[in-house]
Every structure is written in structure tokens, then in C-alpha cells.
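Worksheet for the structure shown next.
The values are calculated or read from the model by the stated rules, or taken from the named source; none is laboratory data. Owing to the predicted nature of the structure, the values given are computational and were not obtained by experimental measurement. Cβ atoms come from the backbone with ideal geometry, glycine included; neighbour counts cover every protein chain shown. Heads up: the accessible areas ignore ligands, DNA and RNA and are worked out on the full protein's heavy atoms, side chains in. Shrake-Rupley method; radii C 1.70, N 1.55, O 1.52, S 1.80 Å.
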Amino acid sequence: MTSSYLSVALGPVRLANPIATASGTFGYGLEFADVLDLSSIGALFTKGLSLQPHEGNAPPRICETPSGMLNAIGLQNVGIETFLREKLPLLAAAGATVFANIWGDEEEEYVEIARALSGAPGLAGIELNISCPNVRKGGMLFGNSPEATASLVGKVRKATDAPLVVKLSPNAPDLVESARAARGAGADVLSLVNTFVGMAVDPETGAPRISFGTGGLSGPAIRPLAVRMVHQVHRALPDAPLWGIGGIETLSDVLEFMAVGASAVQVGTANFRDPGVSARLVRELDAWCAERSIAARDLIGRTP
Amino acid sequence: MRDIKARVTSRTDHAPGLFSLHCSAPDLAAGVRAGQFAMIGVEGRSRPFLRRAFSVADVDRHAGTVEFLVKVVGVGTACLSALVPGEEVALLAPLGNAFTASDLARGDRVAIVAGGVGVAPFPLLLRELGSRGVVADLFFGGRSAPDLAYRAKISPLVTGAEKDATDDGTAGEPGRVTDLLARTLGGGGGYRRVYACGPTPMFRSLARVLDGKGIAAEFSTEAPMGCGFGVCLACVLPKPGGGFLVSCQEGPILAPSAVDWSRCR
Ligand SMILES: Cc1cc2nc3c(=O)[nH]c(=O)nc-3n(C[C@H](O)[C@H](O)[C@H](O)COP(=O)(O)OP(=O)(O)OC[C@H]3O[C@@H](n4cnc5c(N)ncnc54)[C@H](O)[C@@H]3O)c2cc1C
Ligand SMILES: Cc1cc2nc3c(=O)[nH]c(=O)nc-3n(C[C@H](O)[C@H](O)[C@H](O)COP(=O)(O)O)c2cc1C
Ligand code: FES
């Protein structure tokens, strides 16, 4: 939707509306073509991509928890070559605004992927996942210390001119310091948050319900935690454009995240239950803004 | 795939904790193929967070309804069990691939092996087989007689022999349904294809029974599902030789050789 009420800017990123879909919950986008128009949502984030295709963890990989779920998919993905060859051209043809979410075991891998993606036609930007709790190496290691975050983001920044989004870990010891480090090293936008490390156990056998042992908690269960974190980072770094994520299902959730300082949001786990939810949120936000003659960008950061 | 708001038209109880839900969904009834499934969601506050997967058991194209056979095992199925006619469910459907039957001809013989609620996808398949003049034998197993309660509904659709087995011997022959099939295959059987649906241990021993016999087989597999349409990557099954297949997309109907059953829980 291109209503002028809804357009927002996050640093160099210009979006027709602030509703995006979160990495790992929207596949490669094309799976949703039956139920929504991919050009109607602000942006979509791909499943986390690595240099080579990746197998992921052994099942069981998910389990439902109160108002949410745990997952340890382990970043199964098709690899960037297949993504560039088979997925991106179709997404571009469908008019989608596409961000590639990427991860690696080592800094060099992130750098190589960022280089390979730079200038790809139809790609709006890159999101660095430095916060996946479900792989043994990489992922969260980079997100857990401000020094490692700064070093990685700095190297990727040098390798690409594409808009650079860095997705922070809510499991980091000091989120504000991680945010500062990522921005200082050249991140254009910060995404928060990824999943929280959690665990669920079969009471009969004592065995973990997912094979990896621990998993990432997502869904409405984490929303108040995520809202608090967005608020906290926005207070500390008012100039940093933020993408708010965590348990978003309804229009009021979107408004809540924008009020505490998110310029845009990403809808995650809700896509599983309700694949049409993101497009519906765009329509609902449009109606809400039109009714009040208020622009979406004026909703950002109203909370003291 | 569409997200269909469907009204519950009626409910039939077969045994305690085993019932059929009939829902009004004319387009789905007209278009769904045997073996495909739906992700069913219930609205309201105390619902489970994710939808749950159910095979389309049968359709009434004239009435525009679809039937789901549900066994109550936890919070989601209990939620479905509390529905009364007139209430609404959300059906993400049709999902997954379907059984193959178009290559079969009049007089061909097939075997259907069902374990407990694994009988669910077979009424629709039996109708299709029946319309092609295919003779289908049903091997139906469970732990105890109530697990076979659905036979009252399915028997009239069976065009061949019916053989039952229960672990405790309260219905049919005592023992496993897979042993029943193995004995029949020993005597020839002459099956063009074996269709099966049931718990993982049943698939594991059935794969062994069929191994080297040169009989084509299709298993309606189950894995815990988050989305049902290929985006969460929860529903993977291990492939022989390594790696995983995404069962909601590449399946749920799979050849036994597509899965490494020894690595399945
Ligand atoms: C393609 C497909 C088709 C299916 N068709 C039918 C059907 O026609 N009729 C029917 O009654 N059931 C069917 N199932 C199984 C059904 O989806 C589960 O029984 C249901 O999800 C359980 O939800 P719950 O909330 O009641 O149980 P939960 O509270 O989620 O779990 C209760 C118990 O059931 C186990 N369980 C949960 N989900 C599954 C699953 N998908 N497979 C195996 N065990 C599980 C859990 O480990 C736990 O022990 C199908 C599953 C798949 C994947
Ligand atoms: C099944 C699943 C897979 C995910 N995969 C990724 C991923 O590959 N990369 C990533 O950065 N985040 C991934 N996430 C995290 C989400 O993008 C999001 O940050 C998180 O789920 C919180 O939002 P939600 O509560 O709306 O789901 C995944 C989440 C889930 C549930
Ligand atoms: S259930 Fe989500 S990918 Fe199969």
C-alpha cells in the first residue's frame, strides 16, 4: 500500500509502510503468494541465509508453549546461490521489498555473503543475524559481546554499500551496549529482538521437548519483554532507527512498538497461525491513521 | 492454499475421545484430493497458539462439507472437541500432496494399512479407488477395540477384504496389523500398491515388511507442524543418506524409501 499516511524511513531505508515480516517465519516469501500480495507489505526478511546450503538440527524442532513456541530449527536454508538464482528474481517480479537475513560461523563468511549479495537486483538491504540461539557456533556468539559485534559489523560495513540492518540478541548481557557497538560500527538500522533462549521438558521422561535441548522462545509470550527492550534502546540511542519485533499479532501491538520507538515492525510467529496477518495489519493501520488524520511516522516514540 | 472460515455443521462421536467434525467448506469439498490435509485453528481466548494438522477424512460434495476425524490427545484436539454446530473454525487448506491412484485400473488390488486414528485419510481414498473399480483390502489395527470404532463408517467403502488386529485381542486378531499384512503378503497378496497411515513404529516395521518385495507403497507421514505450508521448517523427516525433507511440502504422502525410519523418533 502506498498511502502517504504510511510511509516511513529508517536511515537509508524507505518503506511504503512499516509492516514487515520477520526472518525464519516467512520462508522465502513466495510461499505466501496464495494468501497475500507481496508488494502490499512494507518489507519481507528471508530465512537466515548462509554461504552454503545448511541442513539444520534434528527433529523435533519446535514445541508449543503458553502463548508462543520454542524453536531450534538450526538455520536450515538453501544457501545464497540458490536464493539469488531461484528466489530473488521471483520476489522482485512480485514487487516485494526484500531484505536478506544472513549468518555465518565466522566473520569472513558474513563478509563473503554480504559481498555476494551487494548490488543484487531487487534486494533492498541486508540484515545480519548475530543473535541466533540455535546453532553451536556463530550466530549468538557475535551478538553476545559488544566487541565482537563491533568487529563483525565493521567488517561487513566495509564490504557492502547496501543498507545494513543488525539484528540484536535479547540474550546479550547488555543490550544497550550491543546496540551502541553495532551503530558505532556502521549499522544503519537495528532490529530487536530475536528469540529468547528457553527450554521445555517432558515431565514423564525428563527429556527436553526439542532435540537441541534449548530453543528460542517467540510469540506473544515475549511481547512485553521486547517492548521494554525497544523502549530502552530508543531512550539510550534516540537517533538509531529501530525495527521492533516480538509477538506482534494485532494492530494494537504494532502501535505499542511504534510508541516506544520502533520506526517499523516485523511480524514473526503470527505468520504461522495466520499467513495473511501482515497484509491485514497494513490495511488496519491505514484505516486507523486515515481516521485520525495522522501519519504513521508521527506515531514513533510517543512513549516518554 | 486458502484460509477458509468454515462453520461446524455436525459432530459424530465414534468412541470416547474419537469423533468426526463436519464443516461447511464447498470449495474445499470440491477440490481436495485424498491424502491432503488442513491446518485447523479455533478462534477465542483460550485457544492453542498454533493450528493443528488434520487429514481431510471425507467430503460430501453435494452438501459442500468436509469431514475430519479427530482423536483427543492434548490441548488443541480438546479445543476442537468442545466445538458445537454453528461455531467457526479456520481451515488453511488444502495442504500437502495426495495419494496416487490415477495409474490404477479396474480390477487392480491394493492394500490399505491403518493404525488407530491413522485411518483418517482413507474414506476419501476409498471413494476414489471405488470409482475406478480398484479392489481395496483394509488392514485396520489398534491397541484395543475402541481404537477401531471408526470401522462402522469406513466398512461400507471397503471393496475388498477387511482384516482387524488389536494388541489386546479385543477386536480382530491379537497382535500387530503389520504382522497381519506380512502373512497376507506371504500368500501372494498380489497388491499393486500399499497405502498406510499410522504411528512411526508402524511405519518402521511396515517398511521392513515391504522391503525387497517390489510393491509400491505410499505412507501418509506425520511430524509436528508449526505452519503446514513450508515456512517454519519444523516438520522435517530424516532422509536416507543424510539431510531432511520438509514433510508438509514434499509430503505428507511419501514412499517408504524417502525416509530413514531408523532416525525417526
Ligand atoms: C499431516 C498430518 C495429518 C494429521 N491428521 C490427523 C487426523 O486426521 N486426525 C487426528 O486426530 N490427528 C491427526 N494428526 C495429528 C494431530 O495433528 C495431532 O494429534 C495434534 O496436533 C495434537 O494436538 P494437541 O494440541 O491436541 O496435542 P499436544 O498438546 O500438542 O500434544 C499432545 C501429545 O501428542 C503429541 N503430538 C502432537 N502433535 C503431534 C503430531 N503432529 N504427530 C504426532 N504426535 C503429535 C505430542 O508429542 C504429545 O505427546 C495429523 C498430523 C499431521 C502432521
Ligand atoms: C521457527 C523460527 C525460525 C526463525 N529463524 C530465524 C532466522 O533464520 N534468522 C533470524 O534472524 N531470526 C529467526 N527467527 C526469529 C524471528 O525472526 C523473530 O525475531 C522472533 O521470532 C521474535 O518475533 P515473534 O515473536 O513475532 O516471532 C526465527 C523464529 C522462529 C519462530
Ligand atoms: S510445518 Fe512448517 S514447514 Fe512444515
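If we only count strands (runs of 3 or more DSSP E) wholly inside the range B:132-208, which ones have 2 or more residues that are touching a Leu at 6+ places or on another chain (Cβ under 6 Å), more than 17 Å from B:Leu69 (Cα to Cα) and open to solvent by 60 Å² or more (accessible area, probe 1.4 Å)? Show your work before the answer.
Details: elements: B:135-142, B:162-166, B:193-197.
So the answer is B:162-166.
Of all residues in the range B:218-243 being in contact (Cβ under 8 Å) with a residue 40 or more places away in the chain, of a type outside the set (S, T, N, Q) and open to solvent by less than 10 Å² (accessible area, probe 1.4 Å), which is farthest from ligand 2 (Cβ to nearest atom)?
Out of the qualifying residues, it is B:Phe219.
If a residue counts only when it is within 16 Å of ligand 1 (Cβ to nearest atom), surrounded by 22 or more Cβ atoms within 10 Å (Cβ to Cβ) and not aromatic (Phe, Trp, Tyr), which strands (runs of 3 or more DSSP E) contained entirely in the range A:1-102 have at least 1 such residues? Full working, then the answer.
Details: elements: A:8-10, A:13-15, A:19-21, A:43-45, A:62-65, A:68-71, A:98-102.
Filter on the range A:1-102 gives A:62-65, A:68-71.
Part of a helix (DSSP H, G or I) and more than 13 Å from ligand 1 (Cβ to nearest atom) - does that describe any residue in the range B:210-228?
In the first step, residues of the range B:210-228 are kept if they are part of a helix (DSSP H, G or I); the result is B:210.
Within this subset, residues satisfying the condition of being more than 13 Å from ligand 1 (Cβ to nearest atom) are B:210.
Scanning the range B:210-228 turns up at least one residue that is part of a helix (DSSP H, G or I) and more than 13 Å from ligand 1 (Cβ to nearest atom).
So, in the range B:244-265, how many residues would count as being of a type in the set (Gly, Ala, Ser), open to solvent by 30 Å² or more (accessible area, probe 1.4 Å) and within 13 Å of another protein chain (Cβ to nearest Cβ)?
1
Can you find, within the range B:216-238, the residue that is nearest to the other protein chains (Cβ to nearest Cβ) among those that are hydrophobic (A, V, I, L, M, F, W, C) and over 20 Å from A:Gly216 (Cα atoms)?
In the first step, residues of the range B:216-238 are kept if they are hydrophobic (A, V, I, L, M, F, W, C); the result is B:216-217, B:219, B:223, B:225, B:227, B:229, B:231-237.
Among the residues that remain, those that are also over 20 Å from A:Gly216 (Cα atoms) are: B:216-217, B:219, B:229, B:237.
Working: B:Ala216: 26, B:Ala217: 22, B:Phe219: 16, B:Phe229: 6, B:Leu237: 7 Å.
Per the stated criteria, the residue is B:Phe229.
Quick test of your reading of the structure: B:Gly241 fulfils all but one of (1) within 16 Å of ligand 1 (Cβ to nearest atom); (2) within 14 Å of chain A (Cβ to nearest Cβ); (3) not in a helix (DSSP H, G or I). Name the failing condition by number.
(1)
For the range A:171-209, enumerate the residues that are open to solvent by 30 Å² or more (accessible area, probe 1.4 Å) and either assigned to a helix (DSSP H, G or I) or over 21 Å from A:Pro66 (Cβ atoms) (or both).
Across the range A:171-209, the qualifying residues are A:Pro173, A:Asp174, A:Glu177, A:Arg180, A:Arg183, A:Gly184, A:Asp188.
Report yes if some residue within the range B:228-242 is over 26 Å from B:Ser102 (Cα atoms), within 16 Å of ligand 3 (Cβ to nearest atom) and charged (D, E, K, R); otherwise report no.
Looking for residues that are over 26 Å from B:Ser102 (Cα atoms), within 16 Å of ligand 3 (Cβ to nearest atom) and charged (D, E, K, R), one finds at least one in the range B:228-242, hence yes.
Here's the yes/no breakdown for (1) within 14 Å of chain B (Cβ to nearest Cβ); (2) surrounded by fewer than 21 Cβ atoms within 10 Å (Cβ to Cβ); (3) of a type outside the set (Val, Ile, Thr):
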{"residue": "A:Gln232", "(1), (2), (3)": "no, yes, yes"}
{"residue": "A:Trp243", "(1), (2), (3)": "no, no, yes"}
{"residue": "A:Gly246", "(1), (2), (3)": "no, no, yes"}
{"residue": "A:Gln266", "(1), (2), (3)": "no, no, yes"}
{"residue": "A:Asn271", "(1), (2), (3)": "yes, no, yes"}
{"residue": "A:Glu291", "(1), (2), (3)": "no, yes, yes"}
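Looking at B:Ser20, is it in contact (Cβ under 8 Å) with a residue 24 or more places away in the chain and surrounded by fewer than 19 Cβ atoms within 10 Å (Cβ to Cβ)?
For B:Ser20, the condition - in contact (Cβ under 8 Å) with a residue 24 or more places away in the chain and surrounded by fewer than 19 Cβ atoms within 10 Å (Cβ to Cβ) - is not met.
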